[in-house]
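The values are calculated or read from the model by the stated rules, or taken from the named source; none is laboratory data. Computed from a prediction, not measured in an experiment: that's the story for all the values here. Note that each Cβ is placed from the backbone with ideal geometry, even for glycine, and that neighbours are counted across all protein chains shown.
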């Protein structure tokens, strides 16, 4: 499956209708009615009714015009990552701690996402006219991204295909709801308030013991059913291991100047075209990470299992990656995949089995197995499930 196609779907607003039908089947024959838990009160809705509303919203193919502030918090139990102070606008910094993202959406592929750091900011601005800009104030670089021809009506926009898939609640909710199926218990709560708005809350609980996810809470706006917050709880924890949600949101059309950008004087200006050889190889305007590095090696990615216990297998040269030199720039080392992997592997354990040997790392929500024969297996599952999947190869 082409990389660009996968990313476009990952950033698409809402949930595919087929996935909603599967989740609806998991609810069971008996209706699960929203329990009124105090103010604010909303009309009672069953889980089936809410999922049907989400399906209707998905068919709109884009969110309503809006702007807001999103806070993403990750507490995965990873070791300290080698990201220097002042480089917190790097996408790698999203793997730990709390981070604020500002978003504007004006319809017709007009989009702006700002990831501020302590002394820097990274912005992605799409003007809806076939181009986007990536501005990195830390490096003083502006990348002009030529987008493919505008898709036909009824297909998702291309601008967001270049974005990390967990920056907004709607994107995170789409991926999590697609993972739900008949092995998921679904309930719904009322009485929630998110970013000052009344909301319903879907609660998804995987039944498979191999999953590291205990439950997922998806808060839906009580008026337009847009996801306002997603919280993912790992087994045995009282606080979310991952959370992304609006702290402020306005469903009005942002001013046009939010989608205009002119490189400042003295900035280094580059040009990149989506759909080029570099893009097809896995590079994005946000930079190359370990996953992109792996995609350059021979062998096709595979998946095992389904739903919450899906395991992805990627070709992966651990020896080559850990020996790779740091990137350039004042904070080039922050984007060095080898340095990042070496830091993470300090907590990994050596394991072996009929499939071979390797190193396994378990966090609160994700396990990763680096095999000595050049594979990376990763999923929100137990290390035992990864070893079992490795044996299928």
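Data table
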read-out: Qualifying position, being closer than 22 Å to residue 371 by Cα, assigned to a helix (DSSP H, G or I), modelled with pLDDT under 90 and not assigned by TED's automatic domain parsing to the domain that holds residue 213, among 319, 278; value: 319
read-out: Selected residue (criterion: modelled with the lowest pLDDT) from residues of segment 174-184 that are touching a strand residue (DSSP E or B) at 6+ places or on another chain (Cβ under 8 Å) and either over 20 Å from residue 312 (Cβ atoms) or part of a loop (DSSP other than H, G, I, E, B) (or both); value: 180
read-out: Filter result for residue 40 (surrounded by fewer than 21 Cβ atoms within 10 Å (Cβ to Cβ), touching a helix residue (DSSP H, G or I) at 6+ places or on another chain (Cβ under 9 Å), at pLDDT below 85 and not in a helix (DSSP H, G or I)); value: no
